[in-house]
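The values are calculated or read from the model by the stated rules, or taken from the named source; none is laboratory data. Quick caveat: nothing in here was measured; it's all calculated off a predicted structure. All Cβ positions, even for glycine, are placed from backbone atoms using ideal geometry, and neighbour counts span all protein chains on display.
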Amino acid sequence: MSNRVQCVLCPHLCILAPGERGRCSVRLNVDGELVSLVYGRPVAVHVDPVEKKPLFHFLPGIDVLSIATAGCNLRCEFCQNWEISQAAPEDVSPYNLPPEAVVEQAITYNCEAIAYTYTEPVVYFEYTRDTAKLAKEAGLKNILVTAGYINQGPLTELAKYIDAANVDLKSMSDSYYRNICGGTLQPVLNTIITLKELGTWVEVTNLIVPTLNDDSRELDELARWILENTGADTPLHFSRFFPMYRLTDLAPTPVSILQSARERAIEIGLHYVYVGNAVTEEGMITTCPECNEVLIRRQGYIIEENRIENGKCFNCSAPIAGVWNGTEEQ
Amino acid sequence: MKILTFFLLMFLILTGTVPEEHRDEQDSTDSGLFQLLVRMVESEIRPWAKPIENVDMERMLELFESGIITFHTADWYAEKDDPGE
């Protein structure tokens, strides 16, 4: 027996001999058994507003206990958290925080949800799942902030405990995924569709990187794909790039490109399109798709005004898609 | 890279014939080279992705004992037969 194993968690399908670890750097073959190196060992534990994930249509204003371990199965050259996502577990100093302790911390800090975020929760799958299961039993919500590079079996298992997800759709180009991110496009599209079908509240983020994925036709294609596959009510966040990791030679995304992408996505038919990582008034407000009244006004991550009443527009009573204080309108 | 592997494979196949009396001592080397080629071909399936890494198991055991890392049994994997078997 060679004791080789194949990890089938993500589309990389790494085949590992004893002593080898996968492309995520956190799953190791020990004598023919695959082990997680980061179970209960987060390197980041913070309380964030839910708007920071970003989720704009999921219980606005709540605090979320946000955790991350080292590791990621992609290698995006623009990664904003590369110090931990691209680190091996032995290169960082983790906390010892088993699932039950995460739930306790969330309750202690009055958080209504736990977010698995910052790096890639897919690679710490078992920790995410076990924590989410305990959190659900304790009446907390679970939020997945992910690049969506996961196979359908584990995704379906995990989705049972996940209430909301923000999926990072980095581009509609497979070559962009391969060359810039070290992954492929189709599994990510599958993840978005599957989460939606399984009843998870889904929002999508696209980081616009100057010269690499800022072509207006590609951005329009992305908006059109969301419209056709998950519907007009799926919120889309266009996010501003800042020079980071291996792309320090590029300038930040011009705000005009973000605004233009937003306007075109709305023309294409999406109801809720936002601009992130940039100060724009219209990119941070939620308006009613029926009567165009302003419903939620945000200043950074702070809710200045929320005029959604029982999941409906205060003015015309049109249902507003999202999860609002326990009332879900999808 | 795939072309390089192809030529390496062809080279080994073409030069792999050895006199009968040396066959036994050559087997382990052939097997090692074959394994190396298998590994190379497998890693080339995704040349654009992060590489699979060999770790220093002694160091990993030290890290495990100090609590920095865990050896928590993972889900979603399968045993993989050796292609040489």
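Structure values in brief
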{"quantity": "Matching residues in the range A:231-269 - criterion: being of a type in the set (Lys, Arg) and either farther than 15 Å from A:PHE56 by Cβ or surrounded by fewer than 20 Cβ atoms within 10 Å (Cβ to Cβ) (or both)", "calculated": "A:ARG240, A:ARG246, A:ARG264"}
{"quantity": "Tally, over the range A:147-161, of residues that are surrounded by 24 or more Cβ atoms within 10 Å (Cβ to Cβ) and either facing chain B (nearest Cβ under 10 Å) or not in a helix (DSSP H, G or I) (or both)", "calculated": "4"}
{"quantity": "Some residue of the range A:90-102 being more than 8 Å from chain B (Cβ to nearest Cβ), on the phi > 0 side of the Ramachandran plot, at pLDDT 95 or above and not in a helix (DSSP H, G or I)", "calculated": "no"}
{"quantity": "Pick from the range A:22-50, criterion in a strand (DSSP E or B) and touching a residue at least 40 places away in the same chain (Cβ under 8 Å), ranking: surrounded by the fewest Cβ atoms within 10 Å (Cβ to Cβ)", "calculated": "A:VAL47"}
{"quantity": "So A:THR191, is it assigned to a helix (DSSP H, G or I) and of a type in the set (Ser, Thr, Tyr)", "calculated": "yes"}
{"quantity": "Where A:LYS53 falls short, out of the listed (1) at the interface with chain B (Cβ under 10 Å from one of its Cβ atoms); (2) buried (at least 18 other Cβ atoms within 10 Å of the Cβ); (3) not polar (S, T, N, Q)", "calculated": "(1)"}
{"quantity": "Hey, A:LEU74 in contact (Cβ under 8 Å) with a residue 60 or more places away in the chain and within 14 Å of another protein chain (Cβ to nearest Cβ) or not", "calculated": "yes"}
{"quantity": "Extreme residue, nearest to A:GLU281 (Cα to Cα), among residues of the range A:199-244 that are in a strand (DSSP E or B) and among the hydrophobic types (A, V, I, L, M, F, W, C)", "calculated": "A:PHE238"}
{"quantity": "Output for the range A:57-98, where each listed residue is over 18 Å from A:HIS46 (Cα atoms) and among the aromatic types (Phe, Trp, Tyr)", "calculated": "A:PHE58, A:PHE78"}
{"quantity": "Hits in the range A:103-126 (condition: more than 14 Å from chain B (Cβ to nearest Cβ), of a type outside the set (A, V, I, L, M) and part of a helix (DSSP H, G or I))", "calculated": "A:GLU104, A:GLN105, A:THR108"}
{"quantity": "Number of the exception - A:ARG129 against (1) without any contact (Cβ under 8 Å) to a residue 60 or more places away in the chain; (2) in a loop (DSSP other than H, G, I, E, B)", "calculated": "(2)"}
